[in-house]
Amino acid sequence: QGQFAEPGGGLVQAGGSLRLSCDTSRKTLRNYDVGWYRQAPGKERELVASVNMAGSTNYSTSVTGRFTIFRDNDKNTVWLQMNNLKPEDTAVYHCKMTNKYKIEYWGQGTQVTVSS
């Protein structure tokens, strides 16, 4: 079971936007790398975006140019802004925190559904 909440999921039409947040308030965010993952039914879990402790970001090719990951260490929150959503973005999205000791904490997951 996930250790923190990820509000922001829901149902949206293709071309729409959603913003997911990863509320890590029980952890000191600045000590963690954070990744957003998604898993659609019958598919492998996929890393879609990540931001490390230094603020460097990476994106999968499937979301580059549409998704943006950003963090605010003072608010202990990481967001995933998703624009121009497509039906193939439909999945359960999770965030994962990893510290320098490779200890991981996963969020509870949030459903994103994009209708055509």
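Quick notes
- Taking a sphere under 14 Å around the Cβ of Pro87 and counting the other residues whose Cβ falls inside, with K and R at +1 and D and E at -1, yields a net charge of +2.
- Computed about its Cα centre, the charge dipole of the chain is approximately 200 debye, with only Lys, Arg, Asp and Glu carrying charge at their Cβ.
- Net charge over other residues, Cβ less than 12 angstrom from the Cβ of Gly55 (K, R count +1; D, E count -1): 0
- Probe 1.4 Å - accessible area at Ile103, Å² to nearest ten: 80 Å²
- With DNA, RNA and ligands ignored, accessible area of Lys102 (1.4 Å probe; Å², nearest 10): 150 Å²
- Under 17 Å from the Cα of Lys96 - lysines, other chains or at least 8 residues apart: Lys27, Lys75
- Summing charges over neighbours of Ser21, with a neighbour being any other residue whose Cβ is under 11 Å away from its Cβ, gives 0 when K and R count +1 and D and E count -1.
- Note on the chain: with neighbouring protein chains present and a 1.4 Å probe, carbon and sulfur make up 45 percent of its accessible heavy-atom surface.
- Dimensionless Rg ratio for region 1-92, taking C-alpha atoms and the 2.2 N^0.38 Å reference: 1.06
- Probe 1.4 Å, protein heavy atoms only - accessible area per residue of the chain in square angstrom: 55 Å²
- Largest first, the residues Leu18, Leu11, Leu29 sort by 1.4 Å accessible area into Leu11, Leu18, Leu29.
- Sparse-neighbour loop sites [trypsin sites (Lys or Arg not before Pro); region 43-73; at most 13 other C-beta within 10 Å; DSSP]: Lys43, Arg45
- Accessible surface, 1.4 Å probe, highest first, among residues Glu6, Glu46: Glu46, Glu6
- Only protein heavy atoms count here; under a 1.4 Å probe, Asp33 has an accessible surface of about 50 Å².
- Residue with peak Gaussian network fluctuation, the chain [Cα springs, cutoff 10 Å], from Ala54, Ala14, Ala40: Ala54
The values are calculated or read from the model by the stated rules, or taken from the named source; none is laboratory data. No experiment lies behind these values; they were computed from the predicted model shown. All Cβ positions, even for glycine, are placed from backbone atoms using ideal geometry, and neighbour counts span all protein chains on display. SASA here: full protein model, heavy atoms, side chains in, ligands and nucleic acids out. Shrake-Rupley method; radii C 1.70, N 1.55, O 1.52, S 1.80 Å.
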